[in-house]
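Q: The structure is given below, and queries will be raised subsequently.
The values are calculated or read from the model by the stated rules, or taken from the named source; none is laboratory data. Keep in mind it's a predicted model, so treat the numbers as computed, not measured. With ideal geometry, Cβ positions are generated from the backbone for all residues, glycine too; neighbour counts draw on all protein chains shown. Side chains are part of the model used for accessible areas, which takes the heavy atoms of the whole protein and leaves out ligands, DNA and RNA. Shrake-Rupley method; radii C 1.70, N 1.55, O 1.52, S 1.80 Å.
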Amino acid sequence: MQVLVTGAAGFIGSFVSKYLLERGDTVVGIDNLNDYYDPDLKLARLEWLKVFDNFTFKKIDLADRDSMESLFKEYQFDGVVNLAAQAGVRYSLENPHAYMESNILGFLNVLEGVRHSKINHLVYASSSSVYGANTLQPFSEHHNVDHPVSLYAASKKSNELMAHSYSHLYDIKTTGLRFFTVYGPWGRPDMAYWGFTKKMLAGEAIDIFNNGEMQRDFTYIDDIVEAVVRVLDKPAEANAKWSSDSPDPASSYANFRIFNIGNNSPVKLMDFVKTLEDALGQEAAKNFLPMQAGDVVATYADISELDVAVGFKPSTELADGIKKFIDWYVGYYQ
């Protein structure tokens, strides 16, 4: 199978690409290698993909319409995994235009490429952030998600709506994946677990928002990758029981699906900090601060639909995943 992976130099994109390459697929990876975080980290991820003869990398920005059209004309992809996006809830308060360019215009260019190339399946990254103001937990794909609390979340909800319209209009098979707090080696420096580790090793205090009254459904990178590939291998199908009188947001009369990918085991923020302290063998100095704009108090994934569809449940324990991250971080930077 020949697969296009967008965001191939990113955290999830590089791991998905590696998995596909190791099982023998041909992967064309694209990335714009922007400086939202250290580009050297992205280049380092690419180095362990370039050893594969079945990997091709092209520096392309999703928002570059001409380059995207040329890409889809050059290759005959069997599937597309769209993981390129402007990430981060807090950064969306500072640079909203970046989210529109990458997450909306860029995603449109992907959809158009899939449409005109008649590609069998598009899998794309959504986010747990789409649950926004929802408080009923665990979060289910069947819940309404019309109240985002950040522009990042709104852009991801928009991706789901755009995908559905293309599934309806052009009979494209699309599957959206709502990722829940992905962590692990080679991760993103803007994530809390990375920032906490960096500050703790430097003897600096860490910022604890909402006075520690938060919880997250942490999902280890290996579990994320396994779920992504299993979903890719099983293209979305129409739900024969879908009713327009009582529409289900998770499926459709069209070939469209939405899945949560989380650990189904939320961890309190202070318990998470304690796990980091145990792994590093030191106690963190802490600054307790109010809630940040655009953030949510808790995330908790219902993953029953994923299990039914592809027979997989993420299961990596937080302590095991954090230890692997710490081992990598210390080795990489020291």
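Q: Based on what the data block shows, is Ser244 open to solvent by 50 Å² or more (accessible area, probe 1.4 Å) and under 21 Å from Glu213 (Cα atoms)?
A: No, not satisfied.
Q: Further question on the same structure: Is it the case that Gly132 is under 26 Å from Val225 (Cβ atoms) and among the small types (Gly, Ala, Ser)?
A: Here the answer is no, as Gly132 does not meet what is asked.
Q: Quick one: in the range 207-243, which of the residues that are assigned to a strand (DSSP E or B) and in contact with a Leu (Cβ under 9 Å, 6 or more places away or on another chain) is nearest to Lys313 (Cα to Cα)?
A: Filtering the range 207-243 for residues that are assigned to a strand (DSSP E or B) and in contact with a Leu (Cβ under 9 Å, 6 or more places away or on another chain), the one nearest to Lys313 (Cα to Cα) comes out as Tyr220.
Q: Turning to a different aspect of this structure: For the range 308-329, enumerate the residues that are under 11 Å from Asp222 (Cβ atoms) and either surrounded by fewer than 17 Cβ atoms within 10 Å (Cβ to Cβ) or acidic (Asp, Glu) (or both).
A: Passing the criteria: Ser315, Asp320.
Q: Which condition number does Ser155 fail, the rest of (1) open to solvent by 10 Å² or more (accessible area, probe 1.4 Å); (2) assigned to a helix (DSSP H, G or I) being met?
A: Going through the list (1) open to solvent by 10 Å² or more (accessible area, probe 1.4 Å); (2) assigned to a helix (DSSP H, G or I), Ser155 breaks only (1).
Q: Any residue in the range 161-177 that is in a loop (DSSP other than H, G, I, E, B), in contact (Cβ under 8 Å) with a residue 24 or more places away in the chain and of a type outside the set (D, E, K, R)?
A: Yes, the range 161-177 contains a residue that is in a loop (DSSP other than H, G, I, E, B), in contact (Cβ under 8 Å) with a residue 24 or more places away in the chain and of a type outside the set (D, E, K, R).
Q: Something else now. Regarding Ala163, is this residue within 29 Å of Ser117 (Cβ to Cβ), over 19 Å from the mean Cα position of the chain (by Cα) and either surrounded by 21 or more Cβ atoms within 10 Å (Cβ to Cβ) or of a type in the set (Asp, Glu) (or both)?
A: Taking the combined requirement at face value, the residue does not satisfy it.
Q: Here is a follow-up. Take the residues in the range 19-33 that are part of a helix (DSSP H, G or I) and out of contact with any strand residue (DSSP E or B) (no Cβ under 9 Å at 6 or more places or on another chain); name whichever of them is most open to solvent (accessible area, probe 1.4 Å).
A: Glu22
Q: Continuing with this model, one more query. With the condition kept exactly as written, say whether any residue in the range 293-305 is within 21 Å of the chain's Cα centre (by Cα), at positive phi and surrounded by 13 or more Cβ atoms within 10 Å (Cβ to Cβ).
A: Yes: one or more hits.
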